[in-house]
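So the structure is just underneath, and the comments pick up after that.
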Amino acid sequence: PRQGYTLASVSADCRLVLWQVLNGSVSLSAQLQQPAWACALTSDGQTIVVGGDKGVVEFISSLDGRASNVLMTEYARLRSVALNAAGRQLAAAGRYAPMGLAAAGEIWVWDAQSLRRLATMPHQWPICSLAFRPDGSMLLTGDSEGHVSLWSLSGRRAWSHLGDLPGTL
């Protein structure tokens, strides 16, 4: 978060740890309900957003480790979560594999305050990383095949794929 040096980590063994970087101390160690692969801290440091193994996004209090809200995706193993700088938008992405279909990627975007889903965007390959432009108007994605893609938010609150960045695989 902006006011300090805090690092959050999650693991496949269902652990969430919040570290104070300056002195190496652990300020929170919590047991999660599922294996987790991705996390992000809100700008105020009060909440850790965790993306899990079964497509579940949890909002965990950095004070006591309790989950306050849960969002669901369809058939996904979430590999990345991101919040825009203002904390108004939340994106989660990963591997999407409905029964009988080859693994692909899917990106979900929510309003982080109301928890209303704003968009679901399919992608040809599983998504490994996400990053918002600070104003929330663009989203950068990295997939398992080395493509870096740029998505834009239009004035109608619809996301459109602008294409891949030059030089990516």
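Values computed for the structure shown
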read-out: Breaking point among (1) surrounded by 13 or more Cβ atoms within 10 Å (Cβ to Cβ); (2) outside any strand (DSSP E or B); (3) on the phi < 0 side of the Ramachandran plot; (4) not hydroxyl-bearing (Ser, Thr, Tyr), for residue 65; value: (3)
read-out: Region 73-93, subset over 9 Å from the mean Cα position of the chain (by Cα) and not polar (S, T, N, Q), residue surrounded by the fewest Cβ atoms within 10 Å (Cβ to Cβ); value: 74
read-out: Condition check for residue 144: farther than 15 Å from residue 90 by Cβ and at pLDDT below 85; value: no
read-out: Residue satisfying condition, being on the phi < 0 side of the Ramachandran plot, of a type in the set (Val, Ile, Thr) and surrounded by 17 or more Cβ atoms within 10 Å (Cβ to Cβ), within set 26, 21, 70, 50; value: 50
read-out: Contacts under 6 angstrom Cβ, first residue in region 117-138 being more than 18 Å from residue 56 (Cα to Cα), partner open to solvent by 50 Å² or more (accessible area, probe 1.4 Å) and in a strand (DSSP E or B), 6 or more apart; value: 131/140
read-out: Residue count, region 29-45 (criterion: surrounded by fewer than 19 Cβ atoms within 10 Å (Cβ to Cβ) and assigned to a loop (DSSP other than H, G, I, E, B)); value: 7
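The values are calculated or read from the model by the stated rules, or taken from the named source; none is laboratory data. In this text, all values refer to a predicted model and were calculated from it rather than measured experimentally. Here Cβ is always computed from backbone atoms with ideal geometry, including for glycine, and neighbour counts include all displayed protein chains. SASA here: full protein model, heavy atoms, side chains in, ligands and nucleic acids out. Shrake-Rupley method; radii C 1.70, N 1.55, O 1.52, S 1.80 Å.
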